[in-house]
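Below you'll find the structure, written out as C-alpha cells, and then a few comments.
The values are calculated or read from the model by the stated rules, or taken from the named source; none is laboratory data. All figures in this text were calculated on a predicted structure; none of them were measured in a lab. Cβ sites come from the backbone with ideal geometry, for glycine too, and all protein chains shown count toward neighbours. All accessible areas refer to the heavy atoms of the entire protein, side chains included, with ligands and DNA or RNA removed. Shrake-Rupley method; radii C 1.70, N 1.55, O 1.52, S 1.80 Å.
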Amino acid sequence: MLAEHAAKLDKVQDEVREILAEARRDAEYTKNDIVATAQKEAEATRQRAVQDIERARDQALDSLFDHMARCVNEATEQVIGRALTGADNDRLIEEALSGFAQRKH
C-alpha cells in the first residue's frame with residue numbers, strides 16, 4: 001500500500017512539473033508577444049512623430065518662402081520706385097528663393 005501511495009505521489013508530482021513547465025512556456029510566449037506588440041507600437045509612434053516633424057518643417061519653410069517673397073517684392077518696389085509686373089515679380093521671387101534654397105543645402 002505504501003509503494004502504491006508513493007507511485008501515486010510520484011505521478012502527481014510529474015503532473016505538477018508538467019503543469020508548471022506548460023505555465024512557464026505560456027508565460028514566455030505571452031511575454032514575447034507583449035514585447036513584440038510594444039515594439040511595433042513604439043515604431044508606429046516614432047514614424048508618426050517623424051511625419052509630424054517633417055510636415056511642420058515643410059509648413060515652416062513654406063511660410064518662410066512666402067514671407068521672403070513678400071519682402072523681396074516690397075524691397076524691389078522701393079528700390080525701383082514702381083510696382084513690378086507679375087512676370088517681374090515671379091522672376092525675382094524665384095531667383096531669391098532659388099538662391100536661399102541653394103545656401104540652405
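Looking at Asp66, Asp62, Asp10 in this structure, which one is surrounded by 10 or more Cβ atoms within 10 Å (Cβ to Cβ) and either over 30 Å from Gly99 (Cα atoms) or of a type in the set (A, V, I, L, M, F, W, C) (or both)?
Asp10
Can you report the number of residues in segment 32-51 which are over 15 Å from the mean Cα position of the chain (by Cα) and open to solvent by 100 Å² or more (accessible area, probe 1.4 Å)?
The initial filter retains those residues of segment 32-51 that are over 15 Å from the mean Cα position of the chain (by Cα), namely 32-37.
Filter once more, so that each one left must be open to solvent by 100 Å² or more (accessible area, probe 1.4 Å): 34.
The number of residues fulfilling the criteria is 1.
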